[in-house]
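J.: I have a structure I would like to understand better, so I am pasting it below and will then ask my questions one at a time.
Nothing in this text is a laboratory measurement; each read-out follows from the coordinates by a stated rule. Keep in mind that what you see is a predicted model, and the values were worked out from it rather than measured. Cβ coordinates were reconstructed from backbone atoms using ideal geometry, including for glycine residues, and neighbour counts include every protein chain displayed.
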Amino acid sequence: MHLPDGIIPLNQALVYWVIMIIALLIFSYKMSKNQSEQRFVLIALLSVATVVATSISIPSPFGVPIHFFLIPLVVILLGPLNGIAVSFLSLVVQLFLGMGGLTTLGANVCAMGIALSIGTYIFYILVSKFSKTIGIFVATLMGIIFATLTQISILVISGSTSLEILIYSLLPFYLFVGLIESFATTLIVSTIERVKPDLMTLDKF
């Protein structure tokens, strides 16, 4: 899902950069009001884990290697703005590893950070009222679908390819990824609740 340089016109790339900067400024403001050493440590650890998770390619039945996101886990533990921040940090690191692009950094954060975090958080809040386990699963899946639809929109607006091609290629592919990550996130969170329940009580923003 890492968009490379050259795929988005610079005027559009600038818009995504502005959106990214605004989101990061809001996160910085919230962090200034809620300074917690434990949160800083978690953000650092989860950023490293996200870099690793999104850098490892796994063969899939579609013939295209898949990678996981880990951002839904961050959102469930810390909240959507923290998910955006972790996504930004991991994408910056991956930029130096040859993944993604500098001009497309804003667009990548919009898809894998903002859309993924907001989608996950909305469905987690709504569904977990009835069942926390189902809420984690549905939130992770819908977050990844939100991210995929955002990337499809970005690519269609850029004129780089057609909507039909993207829907038939990216959507089934990331739906498959979403199902696997949903199971994994549900398992991880249930384990955290048993082993380190205090992590689930941190303020979510």
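J.: Which whole-number percentage describes the relative contact order of the chain, with Cα contacts under 8 Å and a sequence gap of 6 or more? Write out the running numbers ahead of the final one.
T.: Working: 294 pairs, mean separation 51.4, N = 205.
Normalised by residue count, the contact order of the chain is 25 percent.
J.: Between LEU202 and TYR168, what is the label-to-label distance in nm when each label sits 7 Å out along the Cα-to-Cβ direction?
T.: Here the answer is 4.4 nm between the modelled labels.
J.: How much length would be gained if the chain were fully extended between ASP5 and SER190, taking 0.36 nm per residue of separation minus their Cα-Cα distance, in nm to one decimal?
T.: Value of the extension gain: 62.7 nm.
J.: A further question on this structure: So what's the angle, to the nearest 10 degrees on a 0 to 90 scale, between helix 116-127 and the longest Cα principal axis of the chain?
T.: The angle comes out at about 50 degrees.
J.: Another question, then. If you build a Gaussian network model of the chain, linking Cα atoms that sit under 10 Å apart, which residue out of VAL51, VAL109, VAL93 swings the most?
T.: Greatest mean-square fluctuation among the candidates belongs to VAL93.
J.: Here's a follow-up. Measure nothing fancy, just the Cα-based angle from helix 10-33's long axis to the longest principal axis of the chain, in degrees from 0 to 90, nearest 10.
T.: So the inclination is approximately 10 degrees.
J.: Rounded, prolate or oblate: pick one for the stretch 10-194, where a ≥ b ≥ c are the square roots of the eigenvalues of its C-alpha gyration tensor, a/c under 1.5 means rounded, and failing that, prolate if a/b is larger than b/c, else oblate.
T.: Note, shape of the stretch 10-194 comes out oblate.
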